[in-house]
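Notes for the one structure printed next.
Every number here is computed from the coordinates shown, using simple stated rules; none is lab data. Nothing here was measured: the structure is a model prediction, and the numbers come from that model. Because the Cβ atoms are built from the backbone with ideal geometry, glycine has one as well, and the counts that use them run over all protein chains shown.
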Amino acid sequence: MSKIEYNLADYRFRQQWMLLGLPFDAVTLDQACDRVYQAIDSRTRCFISTPNLNFVINADKDPEFARSVWLSDLNLADGMPLVWAARWLKIPVPERVAGSTLFDSLVQRATEERPLRVFFFGGDPGVAERAADVLNSQPGHAYCCGYLEPGRGSVESMSSDAIIEQINASQADFLVVSLGAKKGQAWILHNLSRLDVPVVSHLGAVVNFVAGTVKRAPVVWQKLGLEWLWRIVEEPHLWRRYLGDGIAALRLAVGVFKARFHRAQISDSEVSIRHDTDTNLTIVLSGRPTAVALQGLYNELNLHLNGARTVNLHLVQADESQAEISAFIKVLEAVCHVAHKPFNLNRQKQPESSR
């Protein structure tokens, strides 16, 4: 794939929590909807990822796929196994926020003063067109302003100027991508800087659910964590995926069980950030900083990271087992990677000037 053109100014550091190797925002469904509509109102970028157990398993084997989650603007736990793991590890992910549930809630929230314009991109032949017809025939103030079915080509072949121009010309608020998780995430990351649509997410099942070609599991099944079983009934070809996910989940469960009892020896906490005259940015983390201290760090990074040439992160006996710290480290590394900024991580000793 060609080099990603990533607009670092669009990314905002925020509180996230590492769970099974990926970062998650600890938000409810209502809070997620608020963030989406804020992005629509301000026309600012909001790339949403909705990792489920299959995401976690594939991200562990595919660094590029994982990076798409690290670089997302909102990461939602779309799976009860993730919520159960978060509760066991005392990570404050409050509830499952499935991508399809988020979409339905956004549609229900749309008003005459604040309509929701949706563009469907991808899906099996004829499904996006049918989803557009269904959405536009429903009462309310959410409607489809366009759709494209690009077929099953490469990411590059589905990223032509004509395709991007058609999407942008629709003046959509929400671009729903359905290309398969890996290709969909790759397509979004490849084209994010070219898209004028504020909210973008790969929600593969949503197009089918809206079109009515696949029925979603009843709410009771969803709450019991049995939506996978319903999906197999509706789409029998998925059984191999879920079997593989189940086997991998058993291995993950062992690690989750052990992590609950891991307690790092921590020193006094410190958070500092320094801007050198040669535009180097140096961050020092030690111990287990408070949420307030880390939020101050995020605010500083949002102001100054874009102008930095080199980023240095010094971890001085920092508690990397703490989910917020570990998520921050991985996100910072991923952001620097796509922004082509040298990133130096030092776990050995504290810089002299910071002692």
Check: For the residues Asp161, Asp41, what sequence is obtained by ranking on other C-beta atoms within 10 Å, fewest first?
Finding: Asp161, Asp41
Check: What are the semi-axes of the equivalent ellipsoid of the chain, taken as the square roots of 5 times the eigenvalues of the Cα gyration tensor, listed largest first and rounded to whole Å?
Finding: 35, 25, 18
Check: Could you put Ser159, Ser321 in order, starting from the residue whose Cβ has the fewest other Cβ atoms within 10 Å?
Finding: Ser321, Ser159
Note to self: If I model a spin label as a point 7 Å beyond the Cα along the Cα-Cβ vector, how far apart are those points for Ser321 and Thr279 in nm?
What the structure shows: 4.1 nm
Checklist line | Cleavage-rule hits, GluC sites (Glu not before Pro), the range 95-163, DSSP coil, Cβ neighbours within 10 Å at most 10 | finding: Glu112, Glu113
Checklist line | Whole-Å distance, taken between Cα centres, linking the range 288-339 and the range 169-211 | finding: 28 Å
Next item on the list: Give the calculated FRET efficiency between Thr290 and Leu224 to the nearest 0.05, with a Förster radius of 51 Å applied to their Cβ-Cβ distance.
Entry: 0.90
Check: If you plug each phi of the range 297-306 into the Karplus form 6.51 cos²θ - 1.76 cosθ + 1.60 with θ = phi - 60°, what whole-Hz ³J(HN,Hα) values come out, in order, with x for Gly and Pro?
Finding: 5, 4, 4, 5, 5, 4, 7, 10, 5, 4
Next item on the list: With no solvent and one equal point scatterer placed on each C-alpha of the range 47-184, evaluate the Debye formula and give log10 I(q)/I(0) for q = 0.13 Å⁻¹, two decimals.
Entry: -0.67
Checklist line | Ascending count of other beta-carbon atoms within 10 Å, so fewest first, for Arg87, Arg35 | finding: Arg87, Arg35
Checklist line | Contact order normalised by residue count of the range 59-138, Cα under 8 Å, 6+ apart, percent | finding: 17 percent
Next item on the list: Search the structure for amide H atoms under 5 Å from the amide H of Leu20, placed 1.01 Å from N in the peptide plane, and list their residues when 5 or more places away or on another chain.
Entry: none
Checklist line | Derived scalar couplings ³J(HN,Hα) [the range 78-88; Karplus, 6.51 cos²θ - 1.76 cosθ + 1.60; whole Hz; x for Gly, Pro] | finding: 9, x, 5, x, 5, 5, 5, 5, 4, 5, 5
Notebook entry, point to check: Between Gln31 and Glu64, what length comes free when the chain is fully extended (0.36 nm per residue of separation minus the Cα-Cα distance, one decimal in nm)?
Noted result: 9.1 nm
